[in-house]
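We did not get these values from a lab; they are worked out from the coordinates using the rules stated. Treat the numbers as computed from the prediction; the structure is a model and nothing was measured. Backbone-built Cβ (ideal geometry, glycine too); neighbour counts: all protein chains shown.
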Amino acid sequence: MTQVASPLDVRADFPLLGRGFAYLDSAATSQKPEEVIAAIDSYYRRSNANIHRGVYALAQEATDLFEGARERVAAFVGGETACTIFTRNATEAINLVAYAWGGEHLREGDEVLITHMEHHSNIVPWQLLCRRQGAKLRYLHVSGDGRLSLDELDEALSGGRVKMVAVAHVSNVLGTINPVAEIAARARAAGAASLIDGSQAVPQLPVNVSEIGADFYVWTGHKALGPTGIGVLNGRRELLESMPPFLGGGDMIATVGFDSSTWNELPWKFEAGTSPIAEGVGLGAAVDYLAAIGMEAVRAHERELTGYTLERLAEIEGLRTFGPSDLDHRGGVVSFEVEGIHPHDLAEICDREGVCIRAGHHCAQPLMREMGIPATARASFHVYNSRADVDRLVHALQTAREVFEL
Amino acid sequence: MDDFYRDYILDHYKNPRNFGTLEPHDLEHHDVNPLCGDELGVHLVVDEEGTITDLRFHGQGCAISQASASIASEELIGMKADQAAALGAAWVIDLLGIDISPTRRKCALLSLKVMRGATTGDASWPE
């Protein structure tokens, strides 16, 4: 084995990894650096109060921490602060758009266009919306190399019925990096809105939502080294202003009468109820951590590790990987199968060696059906992974072949 | 030998008994484990006395779910359908003869779940 150090060496920043795991399931959720854990701890120990309403200084301090985090989160992805809405997760952000935008803009006979590589979170809200509005849900296909076709996109848009195009920035199964700026531009030219699911992209790529130019860009905190319970919707101001609220309650109103109310300004119009304050503060710390490393460096690290993984996995007899072979179009996710061993059994044997991988359909059943396989095993990376983790994976997979007498 | 993937588990996984379909059949059920996407179906032939005279499982899944179906099939043929309907989780776990962790419990129980679906119409997870 060539002993080339991965570009980043930050494993020691992640307390959980002191337990010794080769944690290769960051596409499901990432581990958290000390800075994030400390920010949440400090918020509860020193600064906890409800935000936006309190007159006392402590409430202002909590508000400043939360709104300060929003400013840094917005800047991290090149978004406008007032158009950066905190949700519970990416799923809630997509549901917000499907309800608040979709209820106003989608009519009977209209179409929503998604792709076969979407996570269930970017499928089911559109299925529900289409059923409510009498609209049709259409899918773009995925090539054998795990790519989308812009020609097929143009063909679907040319019918003039598509009102929304919703696409993953990076596939959680194939790792495919989709040309989302191009997709958003073509959607706009055809009179359709666009939503990009950046859940797998923001953690590992430099993302600038203004440059991508989609109407909505959603992502989640917990895959980007932040805590669970906080997601982000970056939206285009005109659309967010014209949309009705999603959830009603406190904090999202300007005035409440007996029969009707008026809405608060952006972003709070879409943030009913007490916000996930500690989670917002934690996400602020997470983007600070990532920004300090630099997203170009994060991307280079993941690219190097993905290339190394594809190279090493090729050594294992009967192993097949899925997704683009060109690393320029691929993020830090490698799905694979080993002939004669079900992915669950692979994951079980990996677990015995402290190697955490995922097995199953990865919340992408339509994609699995399209690929003609019931399940895959998946290894995915983040800044704390190194070649040593991949070597442990390869060793565990070889052990699995021995256990299964292959 | 591996304590979990024992010889007989791997043998039943690689060479499942009573696998395939039965046409015609009297009872059937098909189900999935939504957590992992494993799927399993069963076809049963039941005679006038209510005895299961033939049975075939079909589908795909991990070593535990497939071995569980294969091992259970050998016990179920010849059993009364109402007796099979009343079997609990412990029956199939004992048959497997290995320690089943909570994460693999549904793999082990999927075959019994589809049997219950076929014999009672109630395909809830066996207790």
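Structure notes:
- In chain A, helical runs assigned H by DSSP with n ≥ 4 each contribute -39500 (n - 2.57); averaged across all residues and rounded to the nearest 500, the mean residue ellipticity at 222 nm is -11500 deg cm²/dmol.
- Using the Stokes-Einstein relation with a Kirkwood hydrodynamic radius computed over Cα pairs, the translational diffusion coefficient of region A:258-406 at 37 °C and a viscosity of 0.692 mPa s comes to 181 µm²/s.
- Prolate/oblate/rounded call for region B:7-120, Cα gyration tensor, a/c under 1.5 rounded: prolate
- Region A:65-72 - phi-based ³J(HN,Hα) in whole Hz, Karplus 6.51/-1.76/1.60, Gly and Pro as x: 5, 5, 6, x, 5, 4, 4, 6
- Listing A:Met252, B:Met115 from fewest to most neighbouring C-beta atoms within 10 Å gives A:Met252, B:Met115.
- Placed amide H near A:Ala22: partners under 5 Å, 5+ positions off or other chain: A:Val355, A:Cys356
- Surrounding net charge for A:Met368, when Lys and Arg each add one and Asp and Glu each subtract one, Cβ distance under 15 Å: -1
- Gyration tensor (alpha-carbon) shape descriptor, chain A, a/c threshold 1.5: oblate
- Since only A:Leu313, B:Pro24, A:Ala214 are under comparison, the one whose Cα sits farthest along the positive direction of the charge dipole of the protein assembly as shown, derived from C-beta charges on Lys, Arg, Asp and Glu, is A:Ala214.
- The overall shape of region A:145-266 is oblate: from the C-alpha gyration tensor, with semi-axes ordered a ≥ b ≥ c, the ratio a/c is 1.5 or greater and a/b is no larger than b/c.
- For region A:1-86, the set of trypsin sites (Lys or Arg not before Pro) satisfying both a DSSP loop assignment and a count of at most 12 other C-beta atoms within 10 Å is given as A:Arg53.
- Gap separating the Cα centres of region B:58-94 and region A:131-199, nearest whole Å: 45 Å
- Derived scalar couplings ³J(HN,Hα) [region A:256-273; Karplus, 6.51 cos²θ - 1.76 cosθ + 1.60; whole Hz; x for Gly, Pro]: 10, x, 5, 10, 8, 9, 10, 9, 5, 6, 5, x, 5, 3, 9, 10, 6, x
- 27 Å Cα-Cα threshold exceeded, pairs from B:Lys80/B:Lys106; B:Lys80/B:Lys113; A:Lys32/A:Lys163: A:Lys32/A:Lys163
- Where a label projected 7 Å from the Cα of A:Asp391 along Cα→Cβ would reach, residues of region A:315-339 with amide N under 19 Å: A:315-316
- ³J(HN,Hα), Karplus 6.51/-1.76/1.60, whole Hz, each residue of region A:91-100, x for Gly, Pro: 4, 5, 4, 5, 4, 4, 5, 4, 7, 6
- Amide H contacts of A:Val333 (H built 1.01 Å from N, under 5 Å, at least 5 apart or other chain): none
- Between region A:24-90 and region A:284-352, the Cα center-to-center distance that results, in Å: 29 Å
- Average beta carbon contacts from partner chains per residue of A:341-350, 10 Å cutoff: 6
- Qualifying GluC sites (Glu not before Pro) in region A:242-309, where qualification requires a DSSP coil assignment and no more than 12 other C-beta atoms within 10 Å, comprise A:Glu265.
- When +1 charges are put on Lys and Arg Cβ atoms and -1 charges on Asp and Glu Cβ atoms, the dipole computed for chain B relative to its Cα centre reaches about 420 debye.
- Residues with amide H under 5 Å from that of B:Gly50, placed H, sequence gap 5 or more: none
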